[in-house]
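Heads up, the thing below is written out as structure tokens.
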Amino acid sequence: AEGITIAIDGPAGSGKSTVSRLVAEALDGGILDTGAMYRAVAWWCLDQGIDLTDRDAVARAAEEIDLDLGTDPAGATVVVAGTDITAEIRAQHISQRVSEVATNTLVRPILQRRQRDLLFGAAASRGFCVAEGRDITTVVAPDAHVRVLLTASDEERMRRRAAELDLEDNEETRARMADQVLRRDRDDSAVSEFLTAADGVEAVDTTGLGIEDVVEQVLMLVAAAE
Ligand code: C5P
């Protein structure tokens, strides 16, 4: 059996990481966090002193990086050259610079090919695999069995992101975070269309919905595709 592939895209704070993890757990399948791959390349380049504006050098790094991306939803670890950087890639300075890697058009096809291999490999071995990102429904796996775009209002996305980061209830801190998230979405959308659903992609507006409701909707789409 080839296994069922599920593609979930959306902007920051759309809830796609949590929803993807819960869907993967419910199906006892695998998970692929493609954003973690862009973050790992950014981390590696900064660690190795590779200039993120040097497009060829960053593409070479993406090609050569010794990256092990876990697909177990219970704890998908990110290991680069034997070092566990699962926590490090979530740091502010990586979030701030990861779009420089993601908008490098030499890098994208290299990572997209790796992502496709991982998604279809994990789906085949586990029966199901959920891949989440910005271009999974359109470029990495337009042939996925289930394709979903999660959206949410800006206010809702900022509220979720603030809760996730455990930000203090300070207007200035929150405004700075909102600026960073919106700028990253704007930079990222120059290379991937993740604000409107492509043909055949199910758009789910999660504004005002609880996580469990969204998970249930995705599981219903999976059941219909099986
Ligand atoms: O999802 P997450 O916020 O961890 O993604 C980090 C960054 O990786 C995004 O801001 C974007 O620049 C890049 N990315 C991408 N394509 C994907 C997933 C993530 O360009 N499929």
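What to note about this one:
- Near pairs, Cβ below 7 angstrom, 6+ apart or cross-chain, from region 105-118 (under 17 Å from Leu69 (Cα atoms)) to any residue that is open to solvent by 60 Å² or more (accessible area, probe 1.4 Å) and at pLDDT 95 or above: Ile110/Glu63; Gln112/Val139
- From the list Ala57, Ala24, Ala36, Ala40, the lone residue that is over 17 Å from Val218 (Cβ atoms), away from the ligand (no atom under 13 Å from the Cβ), modelled with pLDDT of 95 or more and open to solvent by less than 40 Å² (accessible area, probe 1.4 Å) is Ala57.
- For region 105-122, the criterion of a residue being open to solvent by less than 40 Å² (accessible area, probe 1.4 Å) and part of a loop (DSSP other than H, G, I, E, B) is satisfied by no position.
- Any pair with Cβ under 7 angstrom, 6 or more apart, that starts in region 173-190 at a residue that is within 14 Å of the ligand (Cβ to nearest atom) and ends at one that is open to solvent by 50 Å² or more (accessible area, probe 1.4 Å) and part of a helix (DSSP H, G or I): Gln180/Gln96
- For beta carbons closer than 7 Å, sequence separation of 6+ or different chains, a first residue in region 199-211 that is touching a residue at least 12 places away in the same chain (Cβ under 8 Å) and a second that is of a type outside the set (S, T, N, Q) and part of a loop (DSSP other than H, G, I, E, B), the qualifying pairs are Ala203/Ala197; Asp205/Ala152; Thr206/Gly15; Thr206/Ala152; Thr207/Ala152; Ile211/Gly15.
- Any hit, region 62-82, residues being touching an Asp or Glu at 6+ places or on another chain (Cβ under 9 Å) and charged (D, E, K, R): no
- All positions within region 177-226 that are aliphatic (A, V, I, L, M) and over 25 Å from Asp143 (Cα atoms): Met177, Ala178, Val181, Leu182, Leu209, Ile211
- Residue in region 43-54 that is surrounded by the most Cβ atoms within 10 Å (Cβ to Cβ), counting only those that are within 16 Å of the ligand (Cβ to nearest atom) and over 19 Å from the mean Cα position of the chain (by Cα): Cys45
The values are calculated or read from the model by the stated rules, or taken from the named source; none is laboratory data. Since the model is a prediction, treat every value here as computed from it, not as a measurement. Cβ: placed from backbone, ideal geometry, glycine included. Neighbour counts: every protein chain shown. Please note that ligands, DNA and RNA were not included when accessible areas were found on the heavy atoms of the full protein model with its side chains. Shrake-Rupley method; radii C 1.70, N 1.55, O 1.52, S 1.80 Å.
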